[in-house]
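The values are calculated or read from the model by the stated rules, or taken from the named source; none is laboratory data. Note that this is a predicted model, so its numbers are computed, not measured. Each accessible area value is taken on the protein alone, full model and side chains, heavy atoms only, with ligands, DNA and RNA left out. Shrake-Rupley method; radii C 1.70, N 1.55, O 1.52, S 1.80 Å.
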Amino acid sequence: MYLEGVIVAADHEQEWLLKWWWKHYRSCNSHPVTFFDLGMSKSARLWCEKRGEVLSLAFPDSWMREVSPSQVESWKTTYPEPILHKRKAWFAKPFALLNSPYSRTLWIDLDCEVRRSIAPLFPYAIDKNGDGFSVVLLEFEGKHYQNSGVLSARRHSPVTAMWAKNAREKNHLYQGDDDLLVDTIRENHFRIPFFPMTYNHLTLLPGSEKAAIRHFAGPTGKWDLLKEVRRD
């Protein structure tokens with residue numbers, strides 16, 4: 001088992017980001033990367049196998065609980081694109097963490113442009129004042145929330161275990177993994193040492209041009225990211 005490493009995940013809808021993500025990550029980092037296969041194409045998996053370990057992570061369709069029509073309509077106000085088919089991959093995140101081959105794991109979403117060393121993030125996973133789990137604390141429209149696009153966690157963190165448990169039992173109540181993580185942390189009074197926003201700076205917020213990791217989150221971010229990928 002490696003002491004420190006990075007994990008990412010992709011299914012057939014997200015695999016178009018792999019080469020772009022890898023190019024930027026490898027330009028400034030050398031930590032090993034484990035790729036979780038959530039349903040990639042054969043060619044994408046072979047590409048990943050040349051660059052790191054690949055682990056399969058699959059769930060039966062019945063694992064995702066039925067969402068009420070009223071809930072679906074309410075989610076459209078914040079995420080206008082159809083998302084029901086995307087949520088299975090989103091909620092796989094805590095299970096990928098549980099299966100990480102590293103003692104200290106850094107998860108990075110594929111829509112994150114890594115621009116500097118990620119080494120400073122690993123110590124947050126073992127902060128003596130925390131519960132083995134760290135994310136960024138963002139402020140948006142006067143509210144604070146955690147975003148899981150980049151996170152640092154130690155093996156057997158109680159935060160990861162409870163996040164996974166809630167993902168199994170309550171996925172029908174949440175739009176995505178971020179919302180569920182926020183409630184999991186709040187309801188269980190977990191101690192979270194937050195890392196600086198520069199390591200997960202959403203592009204919809206000012207100042208991302210100078211960030212260590214730019215996160216192209218949400219539908220608007222994906223459109224901007226598509227332009228970036230085409231330029232590369």
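Some notes on this structure:
- Panel values: the chain, Kirkwood radius from alpha carbon pairs, Stokes-Einstein at 4 °C and 1.567 mPa s, translational diffusion coefficient 72 µm²/s.
- Residue of Glu141, Glu53, Glu73 that the Gaussian network model of the chain assigns the largest fluctuation, springs spanning Cα pairs under 10 Å: Glu141
- 1.4 Å probe accessible area per residue over region 115-232, in Å²: 49 Å²
- Each 10 Å bin from zero holds the following percent of Cα-Cα pairs in region 64-157: 13, 36, 33, 16, 1.
- Projected onto their three principal axes, the Cα atoms of region 103-182 cover extents of 36, 31, 25 Å, largest first.
- Take every DSSP beta bridge whose two residues both sit in the chain; close to 45 percent of them are antiparallel.
- Apolar share of the accessible surface for the chain: 53 percent from carbon plus sulfur atoms, 1.4 Å probe.
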